[in-house]
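The values are calculated or read from the model by the stated rules, or taken from the named source; none is laboratory data. All figures in this text were calculated on a predicted structure; none of them were measured in a lab. We place every Cβ from the backbone using ideal geometry, glycine too, and count neighbours over all the protein chains shown. Side chains included, ligands, DNA and RNA excluded: accessible areas come from the protein's heavy atoms. Shrake-Rupley method; radii C 1.70, N 1.55, O 1.52, S 1.80 Å.
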Amino acid sequence: MLIDGKWTADWHPVQATDEKGGFVRQTSSFRHWVTPDGAPGITGDGGFIAEPDRYHLYVALICPWASRTLIARKLKGLEEVVSVSVVEPWLLDEGWHFGDYPGADRDSLNNAQWLHQLYTRADATFTGRATVPVLWDKKTGTIVNNESADIVRIFNSGFGHLARHNVDLYPALLREEIDRLNSEIYPKLNNGVYRAGFATTQVSYQEAVQDVFSMLDRLEQHLSTAQFLCGGQLTEADIRLFVTLVRFDAAYHGLFKCNLRKLSEYPNLDRYLREMLAIPGIRETVNIDHIKQGYYSIKALNPNGIVPQGPDLSAYGL
């Protein structure tokens, strides 16, 4: 991680632990918002006005949080407005690296070799982990935001007329329900799989696995009578759920020890995943090779770096 702008330790998945040895995730540090008129958002400073080709998104295709933002960018029609760079899939000693692995990019914008160099460019004394996604401002040469939940909402409403208006991922009439779903699904499932995979005690692992599968069971029942989480309309809650589900059998079931059941054993979640993949723009944000290469590069969980051949995801077209 970075301490006062200097790289001081090899990358490690466990950022912090609670009193039971459970995994605790780092809080995002940059929380400014792009808005149609440049006014401040709900956090951070103003001045980040929506303009074409001003902003750049740095992502890792293995990362569900980064993939949320890629999907929102696609669905809102911002491909020609916000450019993108993809890091290589492996989590190396200095974290995310730019390079020539298929599906990845070199950083032609800032000529960085490592993602953490962008953090110190934005803040020379930054202390913390260099995470994806990163929304970068080309004009001022700084990080606008590195919180995926914020960036999804920035893409949904922050770009005004530059974005597609027939898609609203956070409609006013559904916001209370979306917020409730997010607050329930995130700790038990989205982050629950990480709590299981990175647990440092048996009790913290068992609590996490219980949360993961209790939530999957609830969602299986919920989706027995609904096309999407909020009924018939696709929302950001679906994007947040999808990015975890599409990684479940490929990574979380095996490497993260979430192996009570596979996702393919849930008929309604299986149907839901197929329908999400069929939505134009979503499938192309999924790269199973990057997902497997990336997760299985985590030395703490897989010291020999062996990447499994399976599972067979051809039924999903992946």
Proximal lysines relative to Lys188, as straight alpha-carbon distance under 23 Å, when same-chain residues fewer than 8 apart are discounted: Lys20, Lys257, Lys262, Lys292
Accessible surface, per residue, of the stretch 164-207 when the full set of protein chains is kept, probe 1.4 Å, Å²: 53 Å²
Accessible carbon and sulfur surface of the stretch 141-300 relative to its total accessible area, %, 1.4 Å: 50 percent
By average C-beta atoms within 10 angstrom, highest first, the peptides 2-9, 307-314, 62-69: 62-69, 2-9, 307-314
Rounded if a/c under 1.5, otherwise prolate or oblate - the stretch 254-309, Cα gyration tensor axes: oblate
Per principal axis, descending, Cα span of the stretch 211-313 in whole Å: 45, 30, 22
Approximate shape of the stretch 23-104 as ellipsoid semi-axes (Cα gyration tensor, √5λ), whole Å, largest first: 25, 18, 11
Student exercise, the chain dipole from Lys, Arg, Asp, Glu Cβ charges, in Debye to nearest 20: 200 debye
Shape of the stretch 67-121, Cα gyration tensor, a/c cut at 1.5: prolate
Where Met276, Met1 fall by accessible area, highest first, once all protein chains stay in place (1.4 Å): Met1, Met276
Spatially proximal lysines relative to Lys139 (Cα-Cα < 26 Å; intrachain offsets below 8 disregarded): Lys6, Lys74, Lys76
Kyte-Doolittle mean at least -1.0, axial Cα span of 24 Å or more - DSSP H helices of the chain: 202-222
Packing rank of 282-288, 106-112, 241-247, where each peptide gets the mean count of other beta carbons within 10 Å, highest leading: 241-247, 282-288, 106-112
Ratio Rg/Rh [Cα only; Rh per Kirkwood] for the stretch 50-167: 0.95
Cα-based convex hull, the chain, per residue volume (Å³, whole number): 133 Å³
For the stretch 212-269 versus the stretch 71-127, the gap between their alpha-carbon centres in whole angstrom: 28 Å
Listed residues Ala300, Ala237, Ala60, most fluctuating in the chain (Gaussian network, C-alpha, under 10 Å): Ala300
Cα gyration tensor shape of the stretch 137-247, rounded if a/c is under 1.5, else prolate or oblate by comparing a/b with b/c: oblate
Protection proxy ranking, peptides 120-128, 148-156, average beta carbon neighbours within 10 Å, highest first: 148-156, 120-128
